[in-house]
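To start, the structure itself, in structure tokens.
The values are calculated or read from the model by the stated rules, or taken from the named source; none is laboratory data. These figures come from a predicted structure and were not determined experimentally. Note: ideal-geometry Cβ built from the backbone for every residue, glycine included; neighbour counts use all protein chains shown.
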Amino acid sequence: MVETATDRKLEGTVKTGDRNQFRGQKGLQDLVLDANLCTGCGACIGLCPYFRSYRGKTVALFPCTLMTGRCFDFCPKVEVDLDNLSEKFFGRSYDGNPLGSYQTVMISRADEKVGSAAFQAGGTVSAIIYFALKKGYLDGAVLTDRDGLLPIPRFVTNPEDVFTCVSSKYSAAPTLSALNQGIRDGFTQIGVVATPCQVLSTALMRSNPLDDKAFVDPTGLIIGLFCTWALDFRPFEKFVSDRVDIKNITKVDIPPPPSDMMEIYLRGGQKIEIPLEEIRPLVLEGCSYCADMTAEFSDISVGVLEGQPDMNTLIIRTERGRKIVNEAQKEGYLVISDMPAKNLEHLQSAAGNKKRRAVIKAKQEGILSAKILEKITRRSHVISD
């Protein structure tokens, strides 16, 4: 039985109907995995021997009877007190702004010191992580590599290894399992490149929800990637393999609007275009309840700039993000310029529309995060009932 919006509170015991549930594996199984809401972020992978990710699917191998657990408290698909997180990381309550809390929005691209890797767009993310590793701001970084179409979590310490992970992966990836591994290995200044749900999970980790007295934030920089949805890897792999030889794929891209195509690039220079209307049925169900397009709880958010696919939109949210960006620009790793007003308007509209769709979907289904999303509805200037 799936809980309704009226069953849930932002604090206290999770309820499914009249039955109290564990805030551990059992609660996660009932409310997320069995409800088909998991987006495969990897936050529960590597915390204990019980959860594993296989080809994009998160599964519990063995039962666990603990009443509470990190697997539950780190999951972005169960209760999330957005006010609490916003107060912790931005010093103010969550206000439902389409772009979240931020200091400034600019456009950017990698500069000459980064070299000429085959970046997906402007190379901003790679440039920042590369710079931060070289300068010692980070002692490691959590990235996403790929094997064919399959996204692979990767923890790197060598700045040059950043350039092996430059392409976008449109399938859900258990990226945060590499963060868990890095923490176990004793790294203390970890850079994380993540999608909005992964960024939200990372914020939950950093908020120390189990009140560990010895807790120290292990991250040095969180870079969020713009995202509207992620694909279920297994049906996506079959969909693509029915059309092309996956071994020949060199790049997959979805240009910003007004494009409505997925572009698949093959060895030899061939490009295949697939209408997005054929791709959308492969989107994970859990993505339809996500109200965050721009990874609002990151230090820096990056996306492709509409109309200029060789540039990035760059949102700076925190002081530690601003410091690294400013130094990367000063030392020739990053080029930054003003954000055109029209582009900013379009970005705010797109992010607001994602919030609106999530609110409508959650209210229709009466599922999981509806009550939280209603806070967004009440506070946002762009969403109305």
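For the stretch 174-216, a residue qualifies if it is within 19 Å of the chain's Cα centre (by Cα) and acidic (D, E), but none of them does.
Scan the stretch 63-79 for residues that are surrounded by fewer than 18 Cβ atoms within 10 Å (Cβ to Cβ) and in contact (Cβ under 8 Å) with a residue 60 or more places away in the chain and jot them down. Residue satisfying the conditions is T68 alone. Within the stretch 331-359, being free of Cβ contacts under 8 Å to residues at least 40 places away in the same chain and surrounded by fewer than 16 Cβ atoms within 10 Å (Cβ to Cβ) holds for A341, K342, E345, N353.
Total residues in the stretch 117-139 satisfying the condition of being crowded, with 24+ Cβ neighbours inside 10 Å, at positive phi and modelled with pLDDT of 95 or more: the figure is 0.
Name the residue, out of A295, A214, that is within 29 Å of N326 (Cβ to Cβ) and either of a type in the set (A, V, I, L, M, F, W, C) or not assigned by TED's automatic domain parsing to the domain that holds S126 (or both). Write out each step before concluding.
Values: A214 fails: within 29 Å of N326 (Cβ to Cβ).
A295 is the lone residue from the list that is within 29 Å of N326 (Cβ to Cβ) and either of a type in the set (A, V, I, L, M, F, W, C) or not assigned by TED's automatic domain parsing to the domain that holds S126 (or both).
D310 meets all of the listed conditions (1) more than 30 Å from C75 (Cα to Cα); (2) surrounded by 16 or more Cβ atoms within 10 Å (Cβ to Cβ) but one, namely (2).
Condition test on T124, is it in the same structural domain as V304 (by TED's automatic domain parsing), among the polar types (S, T, N, Q) and under 15 Å from C41 (Cβ atoms)? Answer is no for this residue. Within the stretch 326-385, the set of residues being among the acidic types (D, E), modelled with pLDDT of 95 or more and closer than 22 Å to W229 by Cα comprises E345 only. Within the stretch 25-62, can you find the residues that are under 12 Å from A173 (Cα atoms) and either free of Cβ contacts under 8 Å to residues at least 60 places away in the same chain or of a type in the set (G, A, S) (or both)? Across the stretch 25-62, the qualifying residues are G40, G42, A43, S53, Y54, G56. The single residue among S108, S171 that is in contact with a Leu (Cβ under 6 Å, 6 or more places away or on another chain), closer than 24 Å to K247 by Cα and not aliphatic (A, V, I, L, M) turns out to be S171. Within the stretch 87-101, the set of residues being more than 17 Å from the chain's Cα centre (by Cα), of a type in the set (S, T, Y) and surrounded by 17 or more Cβ atoms within 10 Å (Cβ to Cβ) comprises just one member, Y94. Considered as a group, the residues in the stretch 37-68 that are under 19 Å from the mean Cα position of the chain (by Cα) and modelled with pLDDT under 90 include one that is nearest to V80 (Cα to Cα), and that residue is G56.
For A291, the conditions (1) small (G, A, S); (2) assigned to a helix (DSSP H, G or I); (3) modelled with pLDDT under 95 all hold with the exception of (2).
Listed here are the helices (runs of 4 or more DSSP H) enclosed by the stretch 142-248 that have at least 3 residues being surrounded by fewer than 22 Cβ atoms within 10 Å (Cβ to Cβ) and without any contact (Cβ under 8 Å) to a residue 60 or more places away in the chain: 233-241.
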